[in-house]
Amino acid sequence: MRLPALIALLCLASHAAAQEPSAPTPDAAAASAPSERVDALSRNAQYRNALQREIPTDEQRQLDFNGESVFGLFLPAARPQPLGGVLLIAGSGEHADWPELIGPARRQLSDAGWHTLALTLPDAPDGPTIISPPIADPDNQPPGEAPPAADPALLAGSEPADAPPEPPVSLDYGTAAGGLINAALQVLKAEGAEQITLVARRDAGYWALLATDSTPDDQPPQAMVLYEVRQPAAAERPSLGSLMEGWDKPMLEMLDSSSALGQAHAAAHLRIARRAGHSRYRQLDLAPIQRSAVAQEMIAKRLQGWLEANYRPAQATPEASEAP
């Protein structure tokens, strides 16, 4: 009885060994590693690749900065002599054709007579990497489902909750961001834009203020537009409030007062402007506009109206106020 039992145990052991997957050889592991490294792209690199596929080549502009090529989107003014230039800077985790403000405004303002240049700031050091998502095959779509109209990499959520946590930043990053902003301003100036307005979203607004702090009135930018500006968590000094207090040129701040935090920011920034005597500071409340189905077009139109008013001879106003 012991011999048949022993034979049965040996058979079971050999069957189990056959079911276990064999360990990959060193050569096989090495062969798969390059593929994983290729797929791991920074957010900026992924967006750049997608925009290069989606945006007409005549709009694409490569900026040489610190020995590297920085991707931007340029549209000339739709008139012989431009009214000026507009530099649009996307926020962290966004791209140069972001569907909120950046993309609609760069096209709207170009049609209205401004040169526009849109870009995003460099990746922060040691920033997160993301894996490129697979592009859907239209032939394999379920019945009745339309294929995607744009590159999936450009369809990222535009709400702050969809963006990854901000990576840590350093003084070196602030210097690099400021250098890129000033280089982009010079590009617009070389294109014939005598007056340049800088438009920045979220944390890019902080870096824009830092880069242009104490800029003389006759040097670009001559005006600033901040969209839901916020201070990066790792950038403790200088504070956003002190940078706004030091800016004495025309400024339009777009903010959402639908939350208690938004109302507090609006009140605090208005106090800063009044305390500093900045009569050319205006606020635009986004709350009533964002409820519209054509919110982005309306925001771009309001931005255009402010630019047109700003380029006319300024009329004295007693104090800072909210935009009509």
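Computed from the coordinates by the stated procedures, all read-outs in this text should not be read as laboratory data. Keep in mind that this is a model prediction, so the values were computed, not measured. Glycine gets a Cβ as well: all are built from the backbone with ideal geometry, and neighbour counts include every protein chain shown.
Tabulated results
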{"read-out": "Debye intensity ratio I(q)/I(0), log10, region 53-97, q values 0.13 Å⁻¹ (C-alpha model)", "value": "-0.38"}
{"read-out": "Virtual spin-label span in nm between residue 69 and residue 271, 7 Å along Cα→Cβ", "value": "5.0"}
{"read-out": "In order through region 285-298: 3J(HN,Hα) via Karplus (6.51 cos²θ - 1.76 cosθ + 1.60), integer Hz, x for Gly, Pro", "value": "7, 7, 4, x, 6, 5, 7, 8, 5, 10, 4, 5, 5, 5"}
{"read-out": "Relative packing of peptides 81-87, 280-286 - highest average C-beta neighbours within 10 Å first", "value": "81-87, 280-286"}
{"read-out": "Mean Cβ count within 10 Å, highest first, over the residues of peptides 51-60, 270-279", "value": "270-279, 51-60"}
{"read-out": "Order of 236, 228, 194 - criterion: other Cβ atoms within 10 Å of each residue's Cβ, fewest first", "value": "236, 194, 228"}
